[in-house]
Amino acid sequence: MTDSATLAPPAASPLDVERIRADFPILSETVNGHPLVYLDNAASTQKPLAVIEALDHYYRTSNANVHRGLHELANRATEAYENARLRVASLLGITDAHELVWTRGTTESINLVASTWGAANLKAGDEVLLSVMEHHSNLVPWQLLAQRTGAKLRFLDIDDQGRLDLSNLDEVLTERTKLVSIVHVSNALGTVNPVSQIAAKAHAVGALMLVDGAQSAPHLPVDVPSLGADFYAFSGHKMCGPTGMGGLWGRREVLEAMPPFHGGGDMIDTVELEASTYAPIPNKFEAGTPHISGAVGLGAAADYLASVGRDAILAHERHLIGYALERMGAIPDLRIYGPTDLAERSGVVSFTLADVHPHDLATILDSEGVAIRAGHHCAQPLMKRLGVGSTARASFYLYNTTEEVDRLVDALGKARTLFGY
């Protein structure tokens, strides 16, 4: 599974969703007197018992600092930490786990590349190609880098359905282009971008390719190396893992040529008063005491998602999104953003309802126990391109049901009534 062209059409859900929901204790909560309907998964997902218990087990039995320890607990912590790297790598199709660098998440992963590879390789006149649909995490690091180096940022536009406009890709990719950094799945529109196609074009002019996988790693059966990119960034908390934990995959030869990110313990080989040599990858980029429990939890999340089945998760989400688009599309005055073809979108529905402010809409839905997100979704340039200040957003995951879509639609109906529509 890589690009939108290979995505299957929606079908009936292959998942036993009730059994899956039993794995997530928080889903039995009530909010404002109503059973919780959690549709804010693009912001952060809930955690299964397998992750909660892995964290508990680690702190009860193995807590210590990793690497270089000569006692049993340090050995247990190191084994748990490094085994987690192997399990997450396996989930993402990464055969060389040394190419997987632990970070705090997608934002830090992109900042790592911008700060190290970017600073070492970009100069005035060079170009970085982005798009107008990028999350701020894939804009601001490059803006800061451009300010430091004199490099220029260029942008791909979108069409009226929120799909990347690639009609001028061959024109904007030139010998000046040194890096292309594109989101795989838009957090605001759900658009699945053809990153493999773009990566091939980028390489043809000698540029590297970074893929923002924050919304694809949790939802698509991604095989990272087959994307053809040079970097892939993702966040653990969006795929059932703990917050503050994520990763950066990079091709070995690219990572090995990059300077370190942070300096300190665990990233060195030798240290003299005036100079140091650095550890091999991935440790070169993991200075200081790492988020050990976060890695353990993310490893458990990877096992959990693998046990459910990545293709089955995608099929379930396609089933849900098809149902949601059909039901929400019948609501008068409601506008849905993003591609109309299900094969080109993931489990995100951004929408506006007449002139109701999305924040008011989200507050009303919360009073009905339905958790959505409203705002610019850290994509202010995209909102400007769409001609709106903000949208409401419902986002789905493996534990959501069609009955919850019905609850969303019923709550939107109440909102319409409250606002006199």
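The values are calculated or read from the model by the stated rules, or taken from the named source; none is laboratory data. What you see is a predicted model; the values in this text were computed from it and never measured. So basically every Cβ, Gly included, is an ideal-geometry build from the backbone, and we count neighbours across all protein chains shown. Note: accessible area is taken over every heavy atom of the protein model, side chains too, but ligands, DNA and RNA are not part of it. Shrake-Rupley method; radii C 1.70, N 1.55, O 1.52, S 1.80 Å.
See the values below:
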item: Count - residues of region 370-401 that are open to solvent by less than 10 Å² (accessible area, probe 1.4 Å), assigned to a loop (DSSP other than H, G, I, E, B) and within 14 Å of residue 39 (Cα to Cα); result: 5
item: Near pairs, Cβ below 7 angstrom, 6+ apart or cross-chain, from region 154-165 (in contact (Cβ under 8 Å) with a residue 60 or more places away in the chain) to any residue that is part of a loop (DSSP other than H, G, I, E, B) and open to solvent by 50 Å² or more (accessible area, probe 1.4 Å); result: 157/165; 158/165; 161/340
item: Residue among 84, 11 that is out of contact with any Pro (no Cβ under 8 Å at 6 or more places or on another chain) and modelled with pLDDT of 95 or more; result: 84
item: Selection status of residue 290, under 30 Å from residue 262 (Cα atoms) and either open to solvent by 20 Å² or more (accessible area, probe 1.4 Å) or without any contact (Cβ under 8 Å) to a residue 24 or more places away in the chain (or both); result: yes
item: Odd one out for residue 70, checked against (1) within 20 Å of residue 289 (Cβ to Cβ); (2) open to solvent by less than 80 Å² (accessible area, probe 1.4 Å); (3) of a type in the set (A, V, I, L, M); result: (2)
item: Candidate set: region 129-168, residues that are closer than 30 Å to residue 335 by Cα and part of a helix (DSSP H, G or I); chosen: the one least open to solvent (accessible area, probe 1.4 Å); result: 138
item: Matching residues in region 55-67 - criterion: being crowded, with 16+ Cβ neighbours inside 10 Å and part of a helix (DSSP H, G or I); result: 55, 58
item: Residue in region 211-227 that is among the hydrophobic types (A, V, I, L, M, F, W, C) and part of a strand (DSSP E or B) present; result: yes
item: Failed item in (1) buried (at least 24 other Cβ atoms within 10 Å of the Cβ); (2) farther than 11 Å from residue 346 by Cα; (3) not β-branched (Val, Ile, Thr), with residue 188 passing the rest; result: (2)
item: Residue in region 249-259 that is in contact with a helix residue (DSSP H, G or I) (Cβ under 8 Å, 6 or more places away or on another chain), aromatic (Phe, Trp, Tyr) and closer than 26 Å to residue 228 by Cβ present; result: yes
item: Those residues of region 328-369 which are among the polar types (S, T, N, Q) and buried (at least 17 other Cβ atoms within 10 Å of the Cβ), in sequence order; result: 346, 350, 352
item: Answer residue from region 147-195, given it is of a type in the set (Gly, Ala, Ser) and out of contact with any helix residue (DSSP H, G or I) (no Cβ under 9 Å at 6 or more places or on another chain) and is nearest to residue 238 (Cα to Cα) among those; result: 167
item: Checklist (1) touching a Lys or Arg at 6+ places or on another chain (Cβ under 9 Å); (2) surrounded by fewer than 19 Cβ atoms within 10 Å (Cβ to Cβ) applied to residue 75, failing item; result: (1)
item: Boolean, residue 201 is more than 16 Å from the chain's Cα centre (by Cα), modelled with pLDDT of 95 or more, of a type in the set (D, E, K, R) and not in a helix (DSSP H, G or I); result: no
item: Pair list, Cβ < 9 Å and 6+ apart or interchain, from region 75-95 residues that are over 19 Å from residue 307 (Cβ atoms) to residues that are of a type in the set (D, E, K, R); result: 78/68
